[in-house]
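So the structure is just underneath, and the comments pick up after that.
The values are calculated or read from the model by the stated rules, or taken from the named source; none is laboratory data. Given the structure is predicted, the values throughout are model-derived calculations rather than measurements. Counting neighbours? That spans all protein chains shown, and the Cβs are built from the backbone with ideal geometry, glycine included. Side chains are part of the model used for accessible areas, which takes the heavy atoms of the whole protein and leaves out ligands, DNA and RNA. Shrake-Rupley method; radii C 1.70, N 1.55, O 1.52, S 1.80 Å.
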Amino acid sequence: MRPMTPKEPQINPALVAEHGLKPDEYQRILKLIGREPTFTELGIFSSMWNEHCSYKSSRFHLRGLPTQAPWVIQGPGENAGVIDIGDGLACVFKMESHNHPSYIEPNQGAATGVGGILRDVFTMGARPIAALNALSFGDPAHAKTRHLVSGVVAGVGGYGNSFGVPTVGGQVRFHTRYDGNNLVNAMAVGLAQADKIFYAAASGVGMPIVYLGSKTGRDGIHGASMASAEFDEDSEGKRPTVQVGDPFAEKLLLEACLEIMEKGCVIAIQDMGAAGLTCSAVEMGAKGDLGVTLDLEKVPCREASMTPYEMMLSESQERMLMVLKPEKEAEAEAIFRKWGLDFAVVGHTTPDMRFIVRYHGTVMADLPIKELGDEAPLYERPFVETPKLSVLSPNDVKPPLPLDEVLLTLIGSPDLGSKRWVYEQYDHVIGGNTVQRPGGDAAVVRVQEGPKALALTVDVTPRYCEADPFEGGKQAVAEAWRNLTAVGARPLAITDNLNFGNPEKPEIMGQLVGCIRGIAEACKALDFPVVSGNVSLYNETNGRGILPTPSIGGVGVIDDFKTSATLAFKAEGESILLIGDTQGWIGQSLYLREICGREEGAPPPVDLAVEKRNGDFVRSLIASGAVSAVHDLSDGGLLIALAEMAMASSMGAALDPEKGDVQRHAFWFGEDQARYLVTVPAKSASSPQQILEAATAAGVPACRLGVTGGDVLMLPGERPVSVAKLREVFEGWLPAYMAGAA
């Protein structure tokens, strides 16, 4: 007996508002289709026109980002970015947010964030080889923070470990501004043959559209719309919008997809992520200038009596949509059945540029396919630039503690303390190609059997971005570039994840615009294009926004992984050199916040020409074998970086720098940019003096800081700090906090 076509509710203003559409946007829909939409059509517009899918507040400004270079194969606009890394290979990578779901249900929210970004990569025909993440949590004293940390870390580790991809790097931070809206940014990196990249654009009329993977359920309905709205007291009630992931099903989906790609079955492929079947079908047709007809009774469902509306908006995980070569249909189906996955022809491409959704012959939606994306609202929202803050002189900050106490306090603080408790829950060596594990400047992952390797990092300093969005955007890119440089890699490209509050507030929109402009300027100056990314807005709870957090994921290449540099001291008696100029910039520093209890002043300026000059010089030292250890300077400044190098090697150092007229605490804890620490062996290819002379010739400021050795950090006129004590404090805070003891 044929099922009855479900009766759909009448459209009214309240229903339109529930779908996140403003009255003027609804009027735009009426004008576009010339009639009142059906309930299913309203859901489709809600999905396609929300902020998460349409980028309606950011598209105008994203156009200013540099996206091209000779090595860029595919820039923004596809499932992931693609760069040429030589030898016929391509690196495919992207970063994406799963912020709102991870606050409502931290374990599944984070897990499905990892699953979604992995699908973005293998949809392009790449096998994932690494994952990274950037996690932002609220004040450790907030009642919900420990629960969120525990759930998110379990979700990231549980999915990545089970899927079989190493999680090799990332960031974890704490700040009260994330109390009601933590951030989970997930990045995935894969390898593919450079001439075998798969895209989403459909081609050919009458081609079968095939549903692949797991069955469709009711989880995740309105997930994209929920991600485009502020939180309020009812956020817990939105739990049904969080998807449920199955990493083992995703592993099967990966293998099946790569197999049918290898067999030449695929015309186009798109993963079902945000807005599920709606977004994937519309994008495939629109990109290929084709129409699409779907017959929903053919969609494999795991729940009874699902309506067309629910099927179109479900965000159930581990699903793909594919346009298949007709002659390969039987072969492709056999492969998917072999892997125990659903395979169903659910529609066809058409020549008429319409998106038609049928259910047992009844038309539930009939819409112009191109306009669903092209006619989405585009807002040039009003914005006000963030007022410039005054430069804070170190002389205006009275040192409250001796240097040794400052060092121990900072090294054990939530932001600078060890994140071992987090990354030891991740499998970071599965696959056998992880050369440098979490804890260094950048992860290093061997490409196949080597000797080539990829260097990978994620970075941003949100407090800089709030104080000065333009400089903060520049600094985020420059810091990622330095991280890659510090391991000896040539930085090639970035992916970004732009996390901000409500763009309808001019001051928040000003943060977004300023950061994008800063990112663009840095990418141009450093020849470091943006090839993919994600924008996450409305990260607010009860009107309180997060810190502006434009996470930057960087990728570089190392010709021989055996030459990559690490930050650990290698032997006693090696000279320690500081590369880069130190003015003692104290504004917005962690020293100022954690020790002096002040968050004020302008952040350190970023001179991009100096960044490039200093970084190129350091990379040349690594390539020539002149230095044995390298570490870039960032949060906490010079003495924190030295402490990290000492702890990594269980070796101390005697320090006696010429600081000139820089105030003592500002010299050791200021956060001036474009700086690195290097160590020079006694039997190096170049002596320390030769390196200093080469630096002078290159216009690079450099000085000798001291020598490695012993088991303490020794500063003249100060109490020594033992490396063992440093490690005890460094490793102690997070495990104690998660155990409820801190």
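Please give the per residue accessible area of the stretch 634-738, computed with a probe of 1.4 Å over protein heavy atoms only, in Å².
Value returned for the stretch 634-738: 39 Å² of accessible area per residue.
Subtracting the Cα-Cα distance from 0.36 nm times the residue separation, let me have the gained length for residue 661 to residue 17 in nm, one decimal.
Length gained, residue 661 through residue 17: 225.7 nm.
Sorted by average packing, counted as other Cβ atoms within 10 angstrom per residue and highest first, what order do 639-648, 504-513 take?
Final packing ranking: 639-648, 504-513.
Which one, 721, 378, 211, is farthest towards the positive end of the dipole of the chain when Lys and Arg carry +1 and Asp and Glu -1 on their Cβ?
211
Would you please put 261-270, 106-115 in order of how densely packed they are, using the mean number of other Cβ atoms within 10 angstrom per residue and starting with the highest?
106-115, 261-270
How do 366, 441, 527 rank by accessible surface area computed with a 1.4 Å probe, from largest to smallest?
527, 366, 441
Could you please state, rounded to a whole Å, how far the C-alpha centre of the stretch 340-395 is from the C-alpha centre of the stretch 49-83?
Cα centroid of the stretch 340-395 versus Cα centroid of the stretch 49-83: 13 Å apart.
Under 15 Å from the Cα of residue 215, which aspartates and glutamates turn up, not counting those fewer than eight places away in the same chain?
246, 250, 271, 297, 303, 310, 315, 318, 342
Treating only the Cβ of Lys, Arg, Asp and Glu as charged (+1, +1, -1, -1), what charge dipole size does the stretch 39-169 show about its Cα centre? Round to the nearest 20 debye.
Rounded to the nearest 20 debye, it is 160 debye.
Under a point-charge model restricted to the Cβ atoms of Lys and Arg (+1) and Asp and Glu (-1), what is the dipole moment magnitude of the stretch 548-637 relative to its Cα centre, in debye to the nearest 20?
In debye, rounded to 20, the stretch 548-637 gives about 100.
Just the number, please: carbon plus sulfur as a percent of the accessible area of the stretch 91-199, 1.4 Å probe, no ligands or DNA/RNA counted.
48
For the stretch 598-658, what % of the accessible area comes from carbon and sulfur atoms, probe 1.4 Å?
Roughly 47 percent of what the probe reaches on the stretch 598-658 is carbon or sulfur.
Nearest-5 percent of antiparallel DSSP beta bridges in the stretch 260-399?
Expressed as a percentage, antiparallel bridges in the stretch 260-399 total about 80.
Tell me, in nm to one decimal, what length is gained between residue 60 and residue 334 on full extension, where the rule is 0.36 nm per residue of separation less the Cα-Cα distance?
94.1 nm
Please state the shape class of the stretch 608-661: rounded when a/c is under 1.5, otherwise prolate if a/b exceeds b/c and oblate if not, all from the C-alpha gyration tensor.
The shape class here is oblate.
Compute from the Cα atoms of the stretch 434-481 the Rg and the Dmax, the latter being the longest Cα-Cα distance, and quote both in angstrom.
Answer for the stretch 434-481, Rg first and Dmax second: 14.2, 45 Å.
Measuring from centroid to centroid over Cα atoms, what is the spacing of the stretch 401-416 and the stretch 589-622 in Å?
19
Is the C-alpha gyration tensor of the stretch 330-427 telling us rounded, prolate or oblate? Criteria: a/c under 1.5 is rounded; beyond that, a/b larger than b/c is prolate, otherwise oblate.
Taking the square roots of the gyration eigenvalues as a ≥ b ≥ c, the stretch 330-427 is oblate.
Sorting 331, 25, 693 by accessible area (1.4 Å probe), largest first, what list results?
693, 331, 25
Can you work out the accessible area per residue across the stretch 185-225, with the rest of the protein chains kept in place, probe 1.4 Å, in square angstrom?
Result: 28 Å² per residue.
Considering the options 457, 16, 409, tell which one lies farthest towards the positive end of the dipole of the chain, charges being +1 on Lys and Arg and -1 on Asp and Glu at the Cβ, about the Cα centre.
Going by the charge dipole, the pick is 457.
Within the chain, which complete DSSP H helices have Cα atoms spanning at least 18 Å along the helix axis and a mean Kyte-Doolittle hydropathy of -1.0 or higher?
Once both thresholds are applied, what remains is 106-122, 145-163, 247-262, 469-486, 506-526, 608-624, 723-738.
Could I get the Rg over Rh figure for the stretch 379-522? Both from C-alpha atoms, Rh via Kirkwood, rounded to two places.
1.05
Between the stretch 547-575 and the stretch 639-699, what is the C-alpha centre distance in whole Å?
16
Can you find, among 444, 555, 267, the residue farthest towards the positive end of the dipole of the chain? Put +1 on the C-beta of Lys and Arg, -1 on that of Asp and Glu.
Working it through, the farthest residue towards the positive pole turns out to be 267.
Tell me, what is the FRET efficiency for residue 401 and residue 572 to the nearest 0.05, using R0 = 35 angstrom and their Cβ-Cβ distance as r?
0.70
Give, rounded to the nearest 20 debye, the magnitude of the charge dipole that the chain has about its Cα centre when Lys and Arg contribute +1 at Cβ and Asp and Glu contribute -1 at Cβ.
About 640 debye.
Residues of the stretch 621-648 with amide nitrogen under 17 Å from the 7 Å Cα-to-Cβ point of residue 697?
Hits in the stretch 621-648 for residue 697 at 17 Å: 621-627.
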